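The values are calculated or read from the model by the stated rules, or taken from the named source; none is laboratory data. Keep in mind it's a predicted model, so treat the numbers as computed, not measured. No Cβ is skipped: glycine too gets one built from the backbone with ideal geometry, and neighbour counts run over all protein chains shown.
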Amino acid sequence: MGVNIKKIAKHAGKCTYTLMLMRHAKTESEAPEGDRNRQLTEKGLKQARKVGKGLVKFDLVPDRIVCSGARRARQTLDRMLKPFGDGPEVDYREDLYESGMQAVFDQLAETKPKQHRLMVIGHEPIMSICSQWLAKPESDPDLLDLLNLGLSPANLVIFGSEKPFKEWQTHTARLLGILEPHDFSN
């Protein structure tokens, strides 16, 4: 499936509020210190940097980023922050690792109305399940099918709405696209 990132970015730019849900980048399969401490692989480091640069290129830099406290999510964000500069407010939240989908909805409720672009960096299957719950039923069926398969490392789901984040409920956001790191090569 070909992705037109320029079109997705254009649609996102027309929305008052944009949400980006991202799965952390590629990690090692296990770590002696346990799951929470798994690190990014070399490929994962490159994926995260590519996504960060791509978001800058297509004017999709978030105002606020909420990131899981797990090491791999933090490393993903660290690689993305350099291209972002000093722009985004950053919060690290343990509940994005431990509490499931409710933690994402809590972040929507806590985001200030003046913050129009929110990014959440977390884990599977939470990111894809949350995306399924947020997507309006009339969203592109092919995109909804992709969400059923889950998100690969460093994939990003983009939503848009005119409503402030605190008003987002199930099936209220327009699913604009699902991006993979290689989509930013255009």
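Residue 43 fulfils the conditions (1) farther than 30 Å from residue 171 by Cβ; (2) surrounded by 15 or more Cβ atoms within 10 Å (Cβ to Cβ); (3) modelled with pLDDT of 95 or more except for a single criterion, (2). Are there any pairs with C-beta distances below 6 angstrom linking a residue in segment 24-43 that is of a type in the set (A, V, I, L, M, F, W, C) to a residue that is at pLDDT below 95 and exposed (fewer than 15 other Cβ atoms within 10 Å of the Cβ), with the two at least 6 apart or on different chains, and if so which? Here the result reads 31/37, each pair linking segment 24-43 to a residue that is at pLDDT below 95 and exposed (fewer than 15 other Cβ atoms within 10 Å of the Cβ). The set of residues in segment 1-48 that are more than 18 Å from residue 151 (Cβ to Cβ) and part of a loop (DSSP other than H, G, I, E, B) comprises 2, 4, 15, 16, 28, 30, 31, 32, 33, 34, 39.
For segment 10-33, check the following and say yes or no: at least one residue is at pLDDT below 95, farther than 22 Å from residue 168 by Cβ and surrounded by 14 or more Cβ atoms within 10 Å (Cβ to Cβ). The answer is yes; a qualifying residue exists.
The residue that is nearest to the chain's Cα centre (by Cα), counting only those in segment 169-183 that are surrounded by fewer than 22 Cβ atoms within 10 Å (Cβ to Cβ) and not in a strand (DSSP E or B), is 180. What do you reckon, is residue 59 closer than 24 Å to residue 173 by Cα, charged (D, E, K, R) and at pLDDT 95 or above? Answer is yes for this residue. The conditions of being at pLDDT 95 or above, of a type outside the set (S, T, N, Q), loosely packed, with under 14 Cβ neighbours inside 10 Å and in contact with a Phe, Trp or Tyr (Cβ under 9 Å, 6 or more places away or on another chain) are met by residue 109.
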